[in-house]
2 protein chains.
Amino acid sequence: MNHIELKNITKNYKSNCALKDISLIFEEKRIYGLLGRNGAGKTTLLNLITNRIFPTHGYITLSNHPISENDALLERIYYMTESTLYPDSMKIHEVFRWTKTFYSNFDLTYANGLCEKFDLNPNKKFKTLSTGYNTIAKLIIALASNADLLIFDEPILGLDAHHRTLFYKELLAHYIKTPKTIILSTHIIEEIADLLEWVVILGKQSVLINESVASLMERAYAITGKSSDVEAFIQNRNFIGLEYLGTYCKAILLDKPTEETLKQINQMGLEKSKVGLQELFIKLTDVGGVLYEIPKVG
Amino acid sequence: MNHIELKNITKNYKSNCALKDISLIFEEKRIYGLLGRNGAGKTTLLNLITNRIFPTHGYITLSNHPISENDALLERIYYMTESTLYPDSMKIHEVFRWTKTFYSNFDLTYANGLCEKFDLNPNKKFKTLSTGYNTIAKLIIALASNADLLIFDEPILGLDAHHRTLFYKELLAHYIKTPKTIILSTHIIEEIADLLEWVVILGKQSVLINESVASLMERAYAITGKSSDVEAFIQNRNFIGLEYLGTYCKAILLDKPTEETLKQINQMGLEKSKVGLQELFIKLTDVGGVLYEIPKVG
């Protein structure tokens, strides 16, 4: 069992509380999305899981063993971060060999194959790569590491639309071939929504959502209609967003609609529509004042 | 007139040709999207426009004056790039004052207002900022510069969904208040599609598309149906992509449908749907081998 468990985790930086009493399990062989606003504590959470920093309170286990007490456990986790950990002057194929000394299951053939697919020359030095290709090199190392748990912190920084599509496809192929726990932390939410099985949304210091994507998407819906009708409809319902456009109004609700609710929507002449994961995320993590509708130009 | 004209521009780096005989006009007071794959030459083009590098052949003018001969012209352009040009140890409000020595119209009140909206503390040092807040600081400096031409190279790197929405909104408000030429170069295409009036798509070394977004979107459409029907339909039409799913097939066409075409689609029982800018971009710049459909998990 390769699950990670966080038990009552609090992390303070001096007087600043980054995470407060969080309990959370990342089950094995599941693809997770870890979402949150800038500063919500996503990177802190990932640094804790990978033992790079230590919790102020609480404890973390991997396969029921304390993560802090066994370096061997950490070899089962590969953590791809924004920062590069290898000497800049190393060539990519040298980094492959270097990584193999830490991750004995590192698959050199697979890594070279991915280089070809992504059109990355492994004889290049890391420091000569553009932002996009720097990301690609790090993605390849993570996938080829064959660790039991793969963690990606902002995996698509600087990638063009083709390379993003290719990465999603290769990640899924890798997962299907060798199922493992994968945690994706990214701000480009809509594109990965189809990949995710489970989503963890961090609010300020705490967990807002920890749920399967299927269940969350079943609960979320939007209602559009005349403002007075929509306002009447949302009474005593769990609505998380409200936008006005002239005399019309759109409400986002998080509340699986019952048969009766659907009947009511019909009777009131309201329109029901789907809500995407990114829109849902924005509403859930809105802390006031920064959300606007974008008017059309021209 | 603040238009930029590139006339027969070629740029070689040693034996490597980045741009080949490109002629292009960026009209004044228009919002442009400059799109292209990693390595297509977008940044080379922007560096040429801002006189940071020089063309191998051809010339560039701003308001009909050669851009290479007049430093004063360059003060009318603000170019936000991925790299930071100020000393890392400067505080943000110091960078504001420093920028004002180059851009005399820099609006300090506006800059401070934006800091508040984006929740950025101007007393922080640049080097202490996260990727997201580093981007935010640079966006604020660009907007407040009040230059006649604003160029953004990957303006949303590391921004969360809220901050991206806020940036798009503020950019548009800025444009409506003081119309100017704005060039946005980004890989996150779908989100900015509504903002753009005009799109320039670079292929390998050359310009693939230089067209208003409205006209391009009018030309682009998708046809879905039985493979044999779709294959018959696309004969002698300008199709740019074809995907198979079992016995069904989807074709992307770039060819404004005539009345007759619409009739034919109906008669053949085919389904016509819209194509988003990002999907269109992927098809147009596909160089073979890197595109796949993402299967659903579970």
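The values are calculated or read from the model by the stated rules, or taken from the named source; none is laboratory data. Note that the structure is a prediction, hence the values are computed from the model and not measured. Using ideal geometry, Cβ is built from the backbone for each residue, glycine included, and neighbour counts are taken over all protein chains shown.
One line per residue, one yes/no per condition, for (1) closer than 30 Å to A:Lys124 by Cβ; (2) out of contact with any Leu (no Cβ under 8 Å at 6 or more places or on another chain); (3) of a type in the set (A, V, I, L, M):
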| site | (1), (2), (3) |
| --- | --- |
| A:Met1 | no, yes, yes |
| A:Ser15 | no, yes, no |
| A:Leu19 | no, no, yes |
| A:Glu27 | no, yes, no |
| A:Thr44 | no, no, no |
| A:Arg52 | yes, yes, no |
| A:Arg76 | yes, no, no |
| A:His93 | yes, yes, no |
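Residues that are away from every other protein chain (no Cβ under 14 Å): list the helices (runs of 4 or more DSSP H) wholly contained in region A:164-234 that include at least 1 such residues. Steps first, please.
On the way: elements: A:189-192, A:213-219, A:227-233.
Fully inside region A:164-234 and qualifying: A:213-219, A:227-233.
B:Ser206 meets the conditions (1) free of Cβ contacts under 8 Å to residues at least 60 places away in the same chain; (2) of a type in the set (S, T, N, Q); (3) surrounded by fewer than 16 Cβ atoms within 10 Å (Cβ to Cβ) in every case but one. The failed one is (1). Scanning region A:130-163 for residues being facing chain B (nearest Cβ under 10 Å) and under 24 Å from A:Glu28 (Cβ atoms) gives a total of 1. Across region B:84-106, the qualifying residues are those that are over 25 Å from the mean Cα position of the chain (by Cα) and buried (at least 18 other Cβ atoms within 10 Å of the Cβ), and the one among them that is nearest to the other protein chains (Cβ to nearest Cβ) is B:Ile92.
One residue stands out among those in region A:139-155 that are under 22 Å from A:His93 (Cα atoms) and touching an Asp or Glu at 6+ places or on another chain (Cβ under 6 Å): the one that is modelled with the lowest pLDDT, which is A:Asn146.
Mind checking which residues of region A:15-46 are among the basic types (Lys, Arg) and away from chain B (no Cβ under 14 Å)?
First, the residues of region A:15-46 that are among the basic types (Lys, Arg): A:20, A:29-30, A:37, A:42.
The one that is among the basic types (Lys, Arg) and away from chain B (no Cβ under 14 Å): A:Lys20.
Here is a yes/no grid of residues against (1) of a type outside the set (Asp, Glu); (2) at pLDDT below 95:
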{"position": "A:Lys14", "(1), (2)": "yes, yes"}
{"position": "A:Leu35", "(1), (2)": "yes, no"}
{"position": "A:Asn38", "(1), (2)": "yes, yes"}
{"position": "A:Gly41", "(1), (2)": "yes, yes"}
{"position": "A:Leu46", "(1), (2)": "yes, no"}
{"position": "A:Thr50", "(1), (2)": "yes, yes"}
{"position": "A:Glu75", "(1), (2)": "no, yes"}
{"position": "A:Ser83", "(1), (2)": "yes, yes"}
{"position": "A:Phe102", "(1), (2)": "yes, yes"}
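Candidates A:Leu157, A:Leu196, A:Leu166, A:Leu208: the one that is aliphatic (A, V, I, L, M), farther than 30 Å from B:Lys283 by Cβ and out of contact with any Pro (no Cβ under 8 Å at 6 or more places or on another chain) is A:Leu208. Of the strands (runs of 3 or more DSSP E) contained entirely in region A:1-67, those carrying at least 3 residues that are over 25 Å from A:His187 (Cβ atoms) fall at A:4-13, A:57-62. Among all residues of region B:45-62, there is at least one that is more than 21 Å from the chain's Cα centre (by Cα), exposed (fewer than 15 other Cβ atoms within 10 Å of the Cβ), in the same structural domain as B:Ser130 (by TED's automatic domain parsing) and over 18 Å from B:Val207 (Cα atoms).
Contact map, region A:259-285: residues that are surrounded by fewer than 17 Cβ atoms within 10 Å (Cβ to Cβ) paired with residues that are polar (S, T, N, Q), Cβ distance under 9 Å, separation 6+ or inter-chain. Pairs shown: A:Glu271/A:Thr224; A:Lys272/A:Thr224; A:Lys272/A:Asn266; A:Ser273/A:Thr224.
Can you work out which of the residues in region A:107-129 that are among the hydroxyl-bearing types (Ser, Thr, Tyr) and more than 21 Å from A:Glu82 (Cβ to Cβ) is farthest from the other protein chains (Cβ to nearest Cβ)? Among residues in region A:107-129 that are among the hydroxyl-bearing types (Ser, Thr, Tyr) and more than 21 Å from A:Glu82 (Cβ to Cβ), the one farthest from the other protein chains (Cβ to nearest Cβ) is A:Thr109.
Scan region B:187-199 and tell me whether some residue there is touching a residue at least 40 places away in the same chain (Cβ under 8 Å) and in contact with a His (Cβ under 8 Å, 6 or more places away or on another chain). No, there is no match, as no residue in region B:187-199 is touching a residue at least 40 places away in the same chain (Cβ under 8 Å) and in contact with a His (Cβ under 8 Å, 6 or more places away or on another chain). Taking region B:121-170 as the range and being of a type in the set (Phe, Trp, Tyr) and either under 18 Å from the mean Cα position of the chain (by Cα) or surrounded by fewer than 19 Cβ atoms within 10 Å (Cβ to Cβ) (or both) as the test, the residues that pass are B:Phe152, B:Phe167, B:Tyr168. From B:Glu75, B:Glu94, B:Glu82, which residue is over 30 Å from A:Ser83 (Cα atoms) and of a type in the set (Asp, Glu)? Criteria check complete, one pass: B:Glu75.
Please verify whether A:Arg52 is out of contact with any helix residue (DSSP H, G or I) (no Cβ under 8 Å at 6 or more places or on another chain) and within 14 Å of A:Leu150 (Cα to Cα), treating the condition exactly as stated. Quick ask: steps written out before the conclusion?
Working: out of contact with any helix residue (DSSP H, G or I) (no Cβ under 8 Å at 6 or more places or on another chain): yes; within 14 Å of A:Leu150 (Cα to Cα): no.
It is false that A:Arg52 is out of contact with any helix residue (DSSP H, G or I) (no Cβ under 8 Å at 6 or more places or on another chain) and within 14 Å of A:Leu150 (Cα to Cα).
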